[in-house]
Structure formats: C-alpha cells, structure tokens
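Inspection log for the structure reproduced underneath, given as structure tokens.
Values quoted throughout were computed directly from the atomic coordinates according to the rules given, and no laboratory measurement underlies them. Every value quoted in this text rests on a predicted model; they were computed, and no experiment measured them. Note: ideal-geometry Cβ built from the backbone for every residue, glycine included; neighbour counts use all protein chains shown.
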Amino acid sequence: MCSSDLQHLINMKITILGRGNAGCISAMHFAHYRNQINTKVDIELIYDSNIPPVPTGQGTTLDFPEKLFQNFGSSYLDNFPYTIKTGIMYENFGKVNKKIYHNFPIGSYALHFDPKQFQDYVCNNLKVNFKETDENIEDLSTIDSDYIIDCRGTPKNLDGYDKLHNPLNTALLSTLPKKENDVLWTRSIAHKNGWCFYIPLSEKTSLGYLFNRDITPIKEAQKDFKKTFGVEDVSRVFRFSQYVAKEAIIDDRVLLNGNKLFFLEPLEATAMGMYIQTNRFYYDYIFNGTSQYQTNLNIKDHVIKVQNFILWHYANGSTYNSKFWKHAQKVWEENKDPDFIKILKVIKGMTKEDVEKSLHGNFKYAQWKEWNLKLWQDQIT
C-alpha cells in the first residue's frame, strides 16, 4: 500500500496496552507516522498506574534520539532528563585489551535515561489518548480496536515462547549518587561471576550486577556487588528467563512488543532499539501489506540475530578464568550460528577502506553494520 492509498484510511484505531518503555515507544512510533502520512488513526494507550516502572537506568541505540525528535522536536533537549551516550566501554572482556570501546560514529550519539522520567515525559507531551485503568484486561476481544499492541511486560508463563540461549539468569540492581563530570558512555564491566553495568543518569548512577544463580549463590553475588561498587542496598533481585514468542502476531490484530514479545539480557543495550524495529515491522504489516506470516518471521529472525551478537561477546572469555566464564564460553560454542560464523569470517578480512564504505552501506546484522562487527572483532582478538 503506497502513501497515497494511506490517505484514504479513516477511522482506524490502534490501542497500546502498557506505558512502560515499549508501550511509550510504540505510541511515539505510530503517532509520528500517523502525522507524516496524514491519516486519521486514533491511537489510545491504556495503562495501570499502579504498575511501577523498571527500577534501572536505560541505555539506548542511535534510533532513540531520532524517535524523540520526530515526536517532540528539539524541545526534548531542554525538557527531557537524559545524559549523552557515545558508546559502550567494555572492561575486562577478552584476554587481550583491558578496555574495549564500542563507540558510535563520530558525531552520533544515543541517550541514557530513567524509565519513570521517560514515561512521564511521553504521557505529558505525546498527542495520543491516554487512559488509566486499574482493571486487568484478560479478554482482549472486549477492546474495540483494529489493532492492539500488547506491551504489558513479562508473560505469566512461557507457553507459546521459545527459549533464547545465554549464560545469565539473575540481576542485582542498585544506585549510587550522581558523579559530576561522569563518563559519556555505558560501562560494561566483566567480573568473575558475570558482568556489571554502570549507567550515568541525570540525577543518579544506575548499577546492575548480572550473574547465573545456578553457579553463584545470590548472597555471594550480593557480597561481591557491594565490594565492587561500594553500594549498600543490594536487596533488589531480578530473576529472569530469556525467551521470544513463537508468534508475534496473535489472531491477526494482537501484536506483541516489549517483554511480552521477548526478553534478552541488557549487554549492548538492545531493548529500546528492538522495540523500535519491531514497530517498523508492525507498520509494514498494518499499512504496507506485509503478511502476518512474513512479519512473524522477520521479528523472530531479528531477535535471534540479536541473541547471536550478544552471545558472541562471551566467546573469548574475560580476564577471569572462573566457573561462570567457562560456562559462558560453553554456551557460545554449543549455540553459535553457522551463518553468523560465515559473516564473521568475511568481516575478518575487511580492509580499512572496506570498513569506511560500510558506514554508508545497506548491510545489517540485526541492528549492527559491518563496522560494528569489525570493531569488536579486532579489539577482542
């Protein structure tokens, strides 16, 4: 369906369930394209204010500032609390370099933000219909809408989901006071039991300690977390599974996004970019005639590629020859994708000129271009 045809679409309604990060991103995505193609699409976001936001800072990809600008213009620069993210600094990953900087191209940046501040900003400024409810909507057939984007968080059970491969299953969360003149990147720090994230926010520093509780007891992890960062409160324990829905679209009109669709650990800060990409697939499904079958394939393929890229970060171990890192390397060896390995072999032979050309090329492995893969490959080996 072309843009001229879209102008004839009237009285379409899209309902988004949940005002977490994925729900807000979905509302922003369709609000922008509704305005761009000048169609009469009613966008409604239904949420339960009793459900608290995720209690940890978020790092984003390059798509996120663009999405804010599309909806709010340059005003977000002064009114939305954020810090600049120029890339990710990996510390103690691999055996060669103590630090590996996975940076964005010069002049490009993403953002760090606090989820509650982001969600409040969207709800106060985005021109869609927000509806607060304390009702747990179980029967989606009662919602009078053409399409429902379900972003209501982790499913109650994983029937209808496939397992994703990763060595982690637990996180400890905490904060420290804001540090003046802090770094302009996310820090990902390998430790003997897994890795930590350090996210500098506008008003505090968000910390996370990722590990596998089947290898490291929770109390031992809490003790190491305190020692690593000097934090006092390490009581927030987040146990998680990693999964992706077998079918992203249910009964033609229910479209899953956020943790309702998938969950992967936060290495490389892929979540926000994946929410945006999923909405691109849904836009093509709703407006451009892409079939339900193909849309499901596209989304599943994208999530699997992100899984592969994240898992690759464990392939060369870390400076720690510990039980966790041996396990992590084993998970990589047992689940590495042959097609991804072929791509890495091609990347290995790229010259400097090839890399420079790739900055403007069309190739992408999920959300990464050749230069992203080359940058990590050269520094880790």
Return the single residue from Glu356, Glu91, Glu232 with maximal mean-square fluctuation; model: Gaussian network over the chain, springs between Cα atoms under 10 Å. Glu356
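Explain nothing, just the number: relative contact order of segment 87-133, from Cα pairs under 8 Å at least 6 residues apart, as a whole percent.
With pairs under 8 Å counted, the relative contact order is 25 percent.
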Antiparallel bridges, percent of DSSP beta bridges restricted to segment 3-336 (to nearest 5): 65 percent
With x for Gly and Pro, the residue-by-residue ³J(HN,Hα) of segment 64-78, computed from phi through the Karplus equation 6.51 cos²θ - 1.76 cosθ + 1.60 at θ = phi - 60° and given in whole Hz, is 5, x, 4, 5, 5, 5, 4, 9, 10, x, 6, 4, 5, 4, 9
Could you tell me the relative contact order of segment 3-336? Use alpha-carbon pairs under 8 Å, at least six residues apart, and round to a whole percent. 22 percent
Can you give the charge dipole size of segment 303-381 about its Cα centre, rounded to the nearest 20 debye, using +1 on the beta carbon of Lys and Arg and -1 on the beta carbon of Asp and Glu? 140 debye
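Within a 10 angstrom radius of the beta carbon, how do Phe130, Phe113 rank from fewest other beta carbons to most?
Listing Phe130, Phe113 from fewest to most nearby Cβ atoms yields Phe130, Phe113.
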Can you compute the modelled spin-label distance between Val183 and Ser202, with each label point 7 Å from Cα toward Cβ, in nm? 2.3 nm
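Which FRET efficiency, nearest 0.05, do Asn129 and Asn288 yield, Cβ-Cβ r, R0 41 Å?
Details: r = 25 Å, r/R0 = 0.60.
Step by step, r from the Cβ atoms, then E = 0.95.
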Taking Leu45, Leu375 and counting other C-beta atoms within 10 Å, the order from fewest to most: Leu375, Leu45
Gain upon complete extension [Asn335, Phe238; 0.36 nm per residue less C-alpha separation]: 32.4 nm
Taking Cα atoms, how many degrees apart are the long axis of helix 218-229 and the longest axis of the chain, rounded to 10 and kept between 0 and 90? 80 degrees
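Give me the Kirkwood hydrodynamic radius of segment 3-336, using the inverse of the mean 1/r over all pairs of distinct Cα atoms, in Å to one decimal. Walk me through the intermediate numbers first.
On the way: mean 1/r = 0.0478 Å⁻¹.
By the Kirkwood definition, the hydrodynamic radius is 20.9 Å.
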Rounded tilt (10° steps) of 323-335 against the dominant C-alpha axis of the chain: 50 degrees
Descending Cα extents along the principal axes, segment 87-182, whole Å: 57, 37, 29
The farthest towards the positive end of the charge dipole of the chain, of the residues Asn181, Gln70, Ser206, given +1 on Cβ of Lys and Arg and -1 on Cβ of Asp and Glu, is Asn181
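How high is the FRET efficiency from Lys345 to Gln379, r the C-beta distance, R0 22 Å, rounded to 0.05? List each step's numbers first, then the result.
Details: r = 18 Å, r/R0 = 0.80.
My answer for the efficiency is 0.80.
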With label points set 7 Å from each Cα along the Cα-to-Cβ direction at Asn97 and Phe363, the distance between them in nm comes to 2.0 nm
Please determine, in degrees from 0 to 90 and to the nearest 10, the orientation of helix 271-287 with respect to the longest principal axis defined by the Cα atoms of the chain, where the helix direction is its Cα long axis. 30 degrees
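Can you sort Asp339, Asp354 so the residue with the fewest Cβ neighbours within 10 Å comes first? Working shown, then result.
Numbers: Asp339 10, Asp354 15.
Final ranking by Cβ density, sparse to dense: Asp339, Asp354.
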Pairwise label distance in nanometres, Ile143 with Asp214, each label 7 Å out on the Cα-Cβ vector: 3.4 nm
Computed from the beta carbon distance with a Förster radius of 22 Å, FRET efficiency for Asp301 and Glu66 to the nearest 0.05 stands at 0.40
Contact order normalised by residue count of segment 210-266, Cα under 8 Å, 6+ apart, percent: 25 percent
